[in-house]
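The values are calculated or read from the model by the stated rules, or taken from the named source; none is laboratory data. All figures in this text were calculated on a predicted structure; none of them were measured in a lab. A quick note on method: Cβ atoms are made from the backbone with ideal geometry, for glycine too, and the neighbour counts reach across all protein chains shown.
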Amino acid sequence: MKKKDPLKSKRIFVGFNSAGTVGIWNFTRVLKRRGYQIDFYGMGKIRFNMPVDFLLQFSPNRYLAFFQRLKYFFKILSKYDIWHFNYMEVFFFYPLNLLILKILGKKIVCTFRGSEVRLQLRMKIFCYFADKIVLTGPFLVKSVDRYDVIIPYARNVRDLMTKVDKLDHRKLVVLHAPSNLKIKGTFYIEKVFKHLSKSYSQVEFKIVQGLSHEVLLHEMAQADIVVDQLLVGWYGGLAAEAMAMGKVVMAFLDPTCFRFVDFSSELPIINTNIWTFKRDLEKLIKHPEDFKQLGVEGEKFACKFHDSRKIAERYLKIYEANYE
């Protein structure tokens, strides 16, 4: 007789309020299809028309918004057993929210995704209350008090592999699609694009912003090289999608991060930075014969480490660990 899964009787709240929504949505869909009671909440305005199960919108008036958040929190408080925050923000005064959840025996999971960890006091409070702390990349290790595991971004890799267009354009296309200009190092990228465009008329250098996710995927499907980010020290969700599509990806990978993950030696990303970017990009442009092998390696890497089904399994273990 098959052993009953105790997690199937639990309800899971997953909340987020910014970019990166697509990956969280993807792995929660996998678990939902498998019969787990998991709901994805958007807190406030969700950018780029990303999907959510429930979108909680608040008044621009801070006082009215406070009471709205208070109302929403207590309305769903008894509904969920596991509370998974993908950002360092809750419904209202965050230490009190987390304390209430803890007193009531709720399990708290927190995933740190990026620049939010700069709010050191808030980070420390979340680390103190959370049962499990997850990081999306090793670039965050030095910024947090503790963590339990690093789980990469989730993407529907197989779907992305089918979106690739047959490239018959005359020009080589180099694409950069920043969600945040400062964090991604767009200033340096734009400067290099302008400089190289004078010497390489056969190359189209594109910077796109504010697109819906579907439109962005269409743009990326037609690109040859995708430039992710040059300042953070690791790659983002855009790079994971580009690799799944078989694109050549460039990003700054901080060598000090490699020891925190077991897949650093397999990364097919061209490691570049603000000082070497022009030289590295020019080298790629001159040797397009290398694109095919890099694309194959990228697809394999994305399937192995970013597939939403595999990421769902890893989060499932995090949720299950609370009920061992």
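Of note:
- Residues of the range 268-322 that turn out to be of a type in the set (Asp, Glu), touching a residue at least 60 places away in the same chain (Cβ under 8 Å) and in a helix (DSSP H, G or I), as a count: 3
- The set of residues from the range 77-93 being over 12 Å from residue 43 (Cβ atoms) and either of a type in the set (A, V, I, L, M) or not assigned by TED's automatic domain parsing to the domain that holds residue 124 (or both) comprises 77, 82.
- For the range 268-298, the set of residues classified as at pLDDT 95 or above and among the acidic types (Asp, Glu) consists of 280, 282, 297, listed by residue number.
- Residue under evaluation residue 247, criteria (1) assigned by TED's automatic domain parsing to the domain that holds residue 142; (2) of a type in the set (Lys, Arg); (3) touching a strand residue (DSSP E or B) at 6+ places or on another chain (Cβ under 6 Å), criterion not met: (1)
- Any hit, the range 73-83, residues being among the acidic types (Asp, Glu) and farther than 17 Å from residue 132 by Cβ: no
- Where helices (runs of 4 or more DSSP H) fall wholly inside the range 13-120, the ranges with 2 or more residues that are among the hydrophobic types (A, V, I, L, M, F, W, C), farther than 20 Å from residue 240 by Cβ and modelled with pLDDT of 85 or more are 62-76, 94-103.
- Verdict on residue 140 being surrounded by fewer than 20 Cβ atoms within 10 Å (Cβ to Cβ) and of a type in the set (A, V, I, L, M): no
- Restricting the range 1-12 to residues that are at pLDDT 90 or above and not charged (D, E, K, R) leaves a set whose member that is surrounded by the fewest Cβ atoms within 10 Å (Cβ to Cβ) is 9.
- The range 118-130 residues that are under 15 Å from residue 87 (Cβ atoms), paired with ones that are of a type outside the set (Gly, Ala, Ser) and in a helix (DSSP H, G or I) (beta carbon under 6 Å, 6 or more apart): 123/117; 125/95; 129/98; 129/102
- Top-ranked residue of the range 92-120 - restricted to ones that are of a type in the set (Lys, Arg) and crowded, with 17+ Cβ neighbours inside 10 Å, ranked as nearest to the chain's Cα centre (by Cα): 113
Here's the yes/no breakdown for (1) outside the structural domain of residue 263 (by TED's automatic domain parsing); (2) within 20 Å of residue 21 (Cα to Cα); (3) touching a Lys or Arg at 6+ places or on another chain (Cβ under 6 Å):
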{"site": "95", "(1), (2), (3)": "yes, no, no"}
{"site": "106", "(1), (2), (3)": "yes, no, no"}
{"site": "109", "(1), (2), (3)": "yes, yes, yes"}
{"site": "112", "(1), (2), (3)": "yes, yes, no"}
{"site": "117", "(1), (2), (3)": "yes, yes, no"}
{"site": "130", "(1), (2), (3)": "yes, no, no"}
{"site": "137", "(1), (2), (3)": "yes, yes, no"}
{"site": "141", "(1), (2), (3)": "yes, no, no"}
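- Cross-chain or 6+ apart pairs with Cβ under 8 Å, the range 89-102 first and in contact (Cβ under 8 Å) with a residue 60 or more places away in the chain, then part of a loop (DSSP other than H, G, I, E, B): 89/17
- Answer residue from the range 121-137, given it is aliphatic (A, V, I, L, M) and part of a helix (DSSP H, G or I) and is surrounded by the most Cβ atoms within 10 Å (Cβ to Cβ) among those: 123
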